[in-house]
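Some notes on the structure that comes next.
The values are calculated or read from the model by the stated rules, or taken from the named source; none is laboratory data. Computed from a predicted model, the values in this text were never measured in an experiment. Cβ sites come from the backbone with ideal geometry, for glycine too, and all protein chains shown count toward neighbours. Side chains are part of the model used for accessible areas, which takes the heavy atoms of the whole protein and leaves out ligands, DNA and RNA. Shrake-Rupley method; radii C 1.70, N 1.55, O 1.52, S 1.80 Å.
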Amino acid sequence: MLWHQIRYEQLTFWRNPQSAFFTFILPIVVIGAFGLLFGDVGKSSFFYGRSALQYYIATITALSVLGACYSQLAIVLAARRQNGILKRVRATPLPASMYFTGLLAHCALVSTVDTVLITAIGRAYGVPLPSASQWPVLVVTVLLGAAAFCALGVAVGSLIRNAEAAPSVVQFILFPMVFISGTYMPIHSDVLSAVTGALPVKPFNDALLAAFTDADAGFAWRDCGVLLVWGVLGAVVAVRRFRWDPRPE
């Protein structure tokens, strides 16, 4: 059942070429543009002792996982609920746990492909690959982030009343958080860093930055712990609030 659901989600994704194209092309375009703009910017204290591209490889990877696991998932679930697809799925023998595990696996696969593409573009600009000991850390960090943001995506999707409002609600939450969490510009304010450090995006950025650039650093346990807490909170809200039937207008 699980394999069938993963295959279904993959087929649905790839049979929408426009959505699949922009899911993968957007981070590539961003990294390509940043490579042209910041390719000559070496290591500096502004980027926490890394080069500009080392910094942006990590943060744009985090952004691509957010797009695949939070934004798209919340929007897709809102659309499927309004179109009656979730109601029909609920009427089948497929357990709810299998349905959501299949969604999680699909989002993790998309996130993995995005990570590989971004890493490859960075390597083309001369950014060193993570050390051999950090590859397992990078994989686990990406998967943990994918799981946490999938849970948050389902939680937010459960609160959206109609599909037309879904993109606005999703971006209203994501857009300011991405900016204040250092995705496009390092944060050097201690107060802002303390606040955003308790939110999910900055810890994910920091954990990926360590995995990409710090040889033998191991896991960023505090950052991973924050992600885990937010994933659990998202799962609790999703379980309590998720509805399979369309909401009455």
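Condition first: at pLDDT below 90, over 24 Å from residue 29 (Cα atoms) and open to solvent by less than 40 Å² (accessible area, probe 1.4 Å). Now tell me which residues in the stretch 121-139 satisfy that.
Correct list: 131, 134.
Please go through (1) touching a helix residue (DSSP H, G or I) at 6+ places or on another chain (Cβ under 7 Å); (2) in contact (Cβ under 8 Å) with a residue 60 or more places away in the chain; (3) of a type in the set (A, V, I, L, M) for residue 180 and return the number of the only condition it doesn't satisfy.
Single failed check for residue 180: (2).
I need a count of the residues in the stretch 110-137 that are of a type in the set (D, E, K, R) and either over 19 Å from residue 22 (Cα atoms) or more than 20 Å from the chain's Cα centre (by Cα) (or both).
Residues that pass the stated criteria total 1.
What tally of residues in the stretch 1-28 results from selecting those that are of a type outside the set (Asp, Glu), surrounded by 12 or more Cβ atoms within 10 Å (Cβ to Cβ) and either at pLDDT 85 or above or over 20 Å from residue 64 (Cα atoms) (or both)?
Selection size over the stretch 1-28: 9.
Provide a single number: the residues in the stretch 166-225 that are open to solvent by less than 20 Å² (accessible area, probe 1.4 Å), more than 16 Å from the chain's Cα centre (by Cα) and of a type in the set (Ser, Thr, Tyr).
Residues in the stretch 166-225 being open to solvent by less than 20 Å² (accessible area, probe 1.4 Å), more than 16 Å from the chain's Cα centre (by Cα) and of a type in the set (Ser, Thr, Tyr): 1 in total.
Looking for whichever is in contact with a Phe, Trp or Tyr (Cβ under 9 Å, 6 or more places away or on another chain) and among the hydrophobic types (A, V, I, L, M, F, W, C) here; the options are 194, 235, 211, 166. Which one fits?
Result: 211 is the single residue among 194, 235, 211, 166 that is in contact with a Phe, Trp or Tyr (Cβ under 9 Å, 6 or more places away or on another chain) and among the hydrophobic types (A, V, I, L, M, F, W, C).
Name every residue in the stretch 25-59 that is outside any helix (DSSP H, G or I), in contact with a Gly (Cβ under 9 Å, 6 or more places away or on another chain) and touching a residue at least 24 places away in the same chain (Cβ under 8 Å), in order of residue number.
Passing the criteria: 39, 51.
Starting from residues that are charged (D, E, K, R) and surrounded by fewer than 14 Cβ atoms within 10 Å (Cβ to Cβ), keep the ones in the stretch 37-96 and report whichever is farthest from residue 107 (Cα to Cα).
Per the stated criteria, the residue is 40.
Do you know which residues across the stretch 140-159 are over 15 Å from residue 103 (Cβ atoms) and open to solvent by 20 Å² or more (accessible area, probe 1.4 Å)?
Result: 140, 144, 159.
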